[in-house]
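Colleague: To start, I am sharing the structure in question, which I have written as structure tokens.
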Amino acid sequence: MTDQPRKRLYGRSQGHKLSPRQQQLVVTLGAELSWSDEGRLDPAALLPGFETHVLEIGFGAAEHLIGQAQRNSETGYLGIEPFLNGVAKALTGIKAHALTNVRVKRADARDEIARMPDAAFDQIYLLFPDPWPKRRHAKRRFVQTETAAEFARLLKPGGRLRMATDVRVYADHALPILLETPGLSWTAQQASDWRDNPADHIVTRYQSKHLGDIDPVFFDFVKG
């Protein structure tokens, strides 16, 4: 790993004003569960005592992150989200369910994963990322050749990546990149493997709104 310039975050970083309770959680619990912007970033050190570690990039309203952490208390979860309101919702869920297996940070995930060691995660989720549908904005999409290579580097042998989208242009953009990434193998054997919700998937309110131009597709890859 080498030091890289911090990348520009596109789009809004905050929506509606936080409630006083959310603001307090960001200041207190948020500071406790976040981590430094500098130096090496080791998920196993951030979440000691867990043999399995999972990363969710851009967790939005955190329903999937919190739900998975509730289901799998023996697994450590790291969540990275640039949107302040999403972080506040994650902290609310962590507090409400007294979760001790989750840490979250408001940040650009590209900066954070560049500081992480090889083979750090058993699972990586990138669910319904901002599609940036206009062609001139394609470079703003999270899935690029460079980030796909980082996914492969960060996964343990046999580890899994799940990417989901409900926007056709993003699916057409991301799948070829992931298919061409050394070390990643697509697990799909039939259409239902990408058209149906995976058995362990948690459907969020965002997904239920059907805001995209296609039904959700799920691309599951395994690290060879």
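Colleague: Per residue, what accessible area does the chain have, given a 1.4 Å probe and all protein chains present, in Å²?
Modeller: Numbers: 11490 Å² over 224 residues.
In whole numbers, the chain has 51 Å² accessible per residue.
Colleague: Hey, rough spin-label estimate for D200 and R135, points 7 angstrom out along Cα→Cβ, what's it come to in nanometres?
Modeller: The two pseudo-label positions are separated by 3.9 nm.
Colleague: Separate question: Among the lysines, which fall within straight-line cross-link reach of K223, defined as a Cα-Cα distance under 19 Å, with same-chain neighbours fewer than 8 residues apart omitted?
Modeller: K156
Colleague: For K17, go through the lysines and keep the ones whose alpha-carbon is under 21 Å away, minus same-chain ones fewer than eight residues off.
Modeller: Of all the lysines, those that pass the test against K17 - Cα under 21 Å, at least 8 places apart if same chain - are K89, K95, K105.
Colleague: OK, next. How would you order 78-91, 146-159, 198-211, 173-186 from highest to lowest mean count of nearby Cβ atoms within 10 Å? Don't skip to the end; give the middle numbers.
Modeller: Working: 78-91: 23.9, 146-159: 17.7, 198-211: 12.5, 173-186: 16.1.
Listed from highest to lowest mean packing, they are 78-91, 146-159, 173-186, 198-211.
Colleague: Just to confirm my numbers, what's the Cα centroid distance between region 167-224 and region 50-83 in Å?
Modeller: The two parts, judged by their Cα centres, are 18 Å apart.
Colleague: First compute the accessible area of the chain with a 1.4 Å probe, then give the percent of it belonging to carbon and sulfur atoms. Write out the running numbers ahead of the final one.
Modeller: Details: 5780 of 11490 Å².
That share works out to 50 percent.
Colleague: Rounded to the nearest 5, what % of the DSSP beta bridges within the chain are antiparallel ones? Mind dumping the intermediate values first?
Modeller: Details: 9 of 29 bridges.
About 30 percent, rounded to the nearest 5.
Colleague: Follow-up question, since we're still on this one. Once percent of Cα pairs over 31 Å apart is worked out from the coordinates, which option in (1) 16; (2) 20; (3) 29 does it equal?
Modeller: (1)
Colleague: In nm, to one decimal, how far is the modelled label at K95 from the one at R71, with both set 7 Å along Cα→Cβ?
Modeller: 2.6 nm
Colleague: For region 40-139, just say rounded, prolate or oblate: build the C-alpha gyration tensor, square-root its eigenvalues into a ≥ b ≥ c, call rounded for a/c under 1.5, and beyond that prolate if a/b exceeds b/c, oblate if not. Write down the numbers at each step before the final one.
Modeller: Working: a/c = 2.02, a/b = 1.32, b/c = 1.53.
Oblate, since a/c reaches 1.5 and b/c is not below a/b.
Colleague: At R0 = 35 Å, how high is the FRET efficiency between K156 and T28 if r is their beta carbon distance? Nearest 0.05 is fine. Mind showing how you got there, number by number?
Modeller: Numbers: r = 33 Å, r/R0 = 0.95.
Approximately 0.55, to the nearest 0.05.
Colleague: Can you compute the label reach from D37? Point 7 Å from Cα along the Cβ direction, backbone N cut-off under 16 Å, restricted to region 105-142.
Modeller: Residues passing the 16 Å test: 105-115.
The values are calculated or read from the model by the stated rules, or taken from the named source; none is laboratory data. These figures come from a predicted structure and were not determined experimentally. Neighbour counts run over all protein chains shown; Cβ positions are idealised from the backbone, glycine included. Heads up: the accessible areas ignore ligands, DNA and RNA and are worked out on the full protein's heavy atoms, side chains in. Shrake-Rupley method; radii C 1.70, N 1.55, O 1.52, S 1.80 Å.
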